[in-house]
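Values in this text are rule-based calculations from the coordinates and carry no lab data. These figures come from a predicted structure and were not determined experimentally. Virtual Cβ from ideal backbone geometry, glycine too; neighbours counted across all protein chains shown.
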Amino acid sequence: MNDIKKNDYAAQITAIVQDFVQVWTKFEAMLHSKLARSQPHPQGMHPKGESPPTTNYELFYRASSCIYGKNNPTMGELSNALSVPLSKATRIVDWLVANRYAQRLPDPDDRRVVRVALTNNGQELYKILETYTGEHVRRILSCLSDEEQTTLFALIHKVVAALKEVAQ
């Protein structure tokens, strides 16, 4: 490949990544604010007389995605999964615990280790967000044929695998 094509290719990649990040951030914010307006909290999440917290759905979704089904990750594992310092992961978990979305659990093998698990309320809200997000993504992808979707998914899996290698 000659230098002109390489430069053009690099510029296209940069533009695509920037566009995707910008659009995805807006999409995620729109999705979560739309969810907040349509269904602020699942029924019965808070005891009678208590007002439900104002939920930061973006933060909740990002953190709960790292916790859900992960067999109670340690604070260190959560910090790594979120790509944030341990102090920030601690503040995130503090917020989740204060809003009854998560709980801290002792590690049965090491008293110095703290694990994090979603409460029933946290699991319920996570499932609602997953369903809601999935419906919107399916609607967006409906502009592609089944074959195009299959190709897209295969290519995305390859790119994600390459990103994981680079990020190690």
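What is the extension gain from residue 143 to residue 97, computed as 0.36 nm multiplied by their sequence separation minus the C-alpha to C-alpha distance, in nm to one decimal? Spell out each step's value before the answer.
Values: separation 46, 0.36 × 46 = 16.56 nm, distance 4.01 nm.
Residue separation times 0.36 nm, minus the Cα-Cα distance, leaves 12.5 nm.
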* Per residue of segment 99-111, in order, report the coupling 6.51 cos²θ - 1.76 cosθ + 1.60 (Karplus, θ = phi - 60°) as ³J(HN,Hα) in whole Hz, putting x for Gly and Pro. => 9, 6, 9, 8, 9, 8, 10, x, 7, x, 9, 8, 5
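If r is the Cβ-Cβ distance from residue 13 to residue 117 and R0 is 45 Å, what FRET efficiency results, to the nearest 0.05?
Working: r = 39 Å, r/R0 = 0.87.
After rounding, the FRET efficiency stands at 0.70.
Which entries in the list 34/158; 70/164; 26/127; 34/127 go over 24 Å, if you measure between the two C-alpha atoms of each?
Working: 34/158 32 Å; 70/164 18 Å; 26/127 21 Å; 34/127 16 Å.
The pairs that break the limit, which is 24 Å between Cα atoms, are 34/158.
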* Structure fact -> HN-Hα couplings for segment 146-153 via Karplus (6.51, -1.76, 1.60; θ = phi - 60°), in whole Hz with x for Gly/Pro, come out as 4, 5, 5, 5, 4, 5, 4, 4
* Please list the non-local residues whose amide H lies under 5 Å from the amide H of residue 102, H modeled 1.01 Å from N, same-chain partners needing a gap of 5 or more. => 97, 119
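Counting Lys and Arg as +1 and Asp and Glu as -1, what is the net charge of the other residues whose Cβ lies under 15 Å from the Cβ of residue 135? Could you put the intermediate results ahead of the total?
Working: positive: 34, 127, 138, 139; negative: 28, 130.
With Lys, Arg at +1 and Asp, Glu at -1, the net is +2.
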* Structure fact -> Note: probe point = Cα of residue 20 + 7 Å toward Cβ; backbone nitrogen < 12 Å; residues of segment 144-168 passing the test are 152-164
* To do: Compute the distance in nm between two label points, each set 7 Å from the Cα along the Cα-to-Cβ direction, one at residue 109 and one at residue 90.
  => 2.4
* Under a 5 Å amide H to amide H cut-off, with H placed in plane at 1.01 Å, what residues pair with residue 115 once short-range neighbours are removed? -> 105, 107
